[in-house]
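The values are calculated or read from the model by the stated rules, or taken from the named source; none is laboratory data. Because the structure is a prediction, the values reported are computed rather than measured. Note: ideal-geometry Cβ built from the backbone for every residue, glycine included; neighbour counts use all protein chains shown. Accessible surface areas use protein heavy atoms only, side chains included; no ligands, DNA or RNA. Shrake-Rupley method; radii C 1.70, N 1.55, O 1.52, S 1.80 Å.
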Amino acid sequence: MFISQASKGGRLIADQIAPRYCENPHVAAAVVGGSVAKGWADEFSDLELTIFWFEAPSDAERKQAIGQLDCDIWKFDSYDQGQRGEAVEHLGLRSIEIDGTRHNGTVMVSVQHLTVREVEAHLEDVTDHWDTTVEKQTLVYAIQHWLPLRGARLLDAWQARAAQYPDGLARKMVEENLWMGPWFYPEAYASRNDRLVLYRHFCMTTQRLLCVLLGLNRMYHPSHEYKWLEHVAGKIKIAPQDLAGRLKGVFGGDLLAGGHELISLIHETLTLVEREMPEIDTRRERGRWQGWHPYTLLNRVGATAS
């Protein structure tokens with residue numbers, strides 16, 4: 001598997017940062033995630049670390065680790081169990097020493113803190129109760145791609161659970177997203193050069209189309225921002241031909257051609273649903289995307305007006 005130069009660097013930096021947190025006996029595990037873990041990182045990527053605690057950490061415990069790094073604190077969220085199940089800090093790392101050599105530069109290190117209990121609750125919600133909430137799905141997707149820095153046995157157990165994608169969750173993902181956004185007529189918006197509204201439709205429809213394909217492929221939701229689309233689309237095997245290339249064309253080419261391409265992708269995706277999950281009725285959704293013609297009555301009456 002190809003690993004980018006930035007990913008290799010990120011993994012080496014993570015090996016130096018994680019021990020600062022893991023000195024604390026309340027830390028159960030630490031991982032590197034995001035594009036660095038997947039091997040996709042580039043010069044625009046941050047370094048994502050997640051630290052897992054037996055109990056929620058105090059601000060002082062986190063800042064003790066941060067104080068050992070040559071960095072600025074760009075963001076620091078206190079851990080408030082009453083409001084959310086995580087805390088995050090963004091650190092502007094200026095330099096790091098690796099094998100006796102000091103390396104200078106800049107990178108944002110995003111450190112997420114979770115308790116073991118919170119991770120296991122999310123896993124249960126998704127794998128046992130078929131929860132399609134994007135936040136929980138992205139966590140389970142991340143679990144599948146995390147690389148352990150400490151606590152490999154705990155991560156192995158989580159990854160084994162995440163590998164069992166339930167059939168019921170797959171059907172629910174398809175059914176909840178089968179309505180692929182509000183219907184639109186590309187010619188209307190393209191003729192007005194109404195790009196904002198047309199791109200808005202493109203985005204909503206594409207996101208729901210991708211969610212249907214994720215369900216068909218039994219893949220957890222990778223990102224609420226839909227980042228790294230080309231990489232993700234390459235892993236979706238049950239899909240319209242050249243999915244990534246055609247989606248690029250939807251957003252990067254002629255407005256009218258993009259609209260027609262997206263409607264073609266909708267019909268091809270519905271065909272895949274009918275083949276893979278014949279118990280799901282697609283007739284209503286398919287009917288919404290049939291042809292349409294402009295209204296004529298306004299102009300005809302207007303032509304008679306004095």
Heads up, segment 248-306 by the C-alpha gyration tensor (a ≥ b ≥ c square roots of eigenvalues; a/c under 1.5 rounded, else a/b over b/c prolate, else oblate) looks oblate
What translational diffusion coefficient, in µm²/s and rounded to a whole number, does the Stokes-Einstein relation yield for segment 148-213 at 4 °C and a viscosity of 1.567 mPa s, taking the hydrodynamic radius as the Kirkwood radius over Cα pairs? 86
Percent of all alpha-carbon pairs of the chain at distances over 24 Å, whole number, is 61
For the chain, with all protein chains present and a 1.4 Å probe, just round the carbon and sulfur fraction of the accessible area to a whole percent. 51
Compute the convex hull volume of the Cα atoms of segment 65-145, divide it by the residue count, and report the result per residue in Å³ as a whole number. 131
Could you check which residue among 279, 48, 261 shows the biggest mean-square fluctuation in a GNM of the chain with a 10 Å Cα cutoff? 279
Would you work out the charge dipole size for the chain about its Cα centre, treating the Cβ of every Lys and Arg as +1 and the Cβ of every Asp and Glu as -1, and quote it to the nearest 20 debye? 860
If you keep only loop residues by DSSP, which trypsin sites (Lys or Arg not before Pro) in segment 154-245 have at most 15 other Cβ atoms within 10 Å of their Cβ? 192, 218, 227, 237
What number, in nm² with one decimal, is the all-direction average of the projected area of the convex hull of the alpha-carbon atoms of segment 165-306? 9.7
Helix-only estimate, please: 222 nm mean residue ellipticity of the chain, summing -39500 (n - 2.57) across DSSP H runs of length 4 or more and dividing by its residues, to the nearest 500. -16000 deg cm²/dmol
Straight-line reach check, residue 237, cutoff 20 Å on alpha carbons, 8 or more apart in-chain or any other chain, hits among aspartates and glutamates -> 167, 175, 261, 268, 274, 276
If the cut-off is a Cα-Cα distance under 20 Å, which aspartates and glutamates reach residue 38, setting aside same-chain residues fewer than 8 apart in sequence? 15, 46, 48, 135, 156, 225, 230
In Å², and per residue, what accessible area does segment 168-236 have when probed at 1.4 Å with the other protein chains present? 46
Please list the helices of the chain that count as membrane-span-like by this rule: a mean Kyte-Doolittle hydropathy of at least -0.5 together with Cα atoms stretching 20 Å or more along the helix axis, each helix being a complete DSSP H run. 5-22, 195-217, 255-276
Mean shadow of segment 20-175, computed from the convex hull of its alpha carbons, in nm²? 10.4
Greater than 31 Å apart at Cα, pairs in 172/248; 63/235; 136/235; 8/63; 75/248; 8/172: 63/235; 75/248; 8/172
Expressed as a percent, the portion of alpha-carbon pairs in segment 92-210 spaced more than 17 Å apart is 70
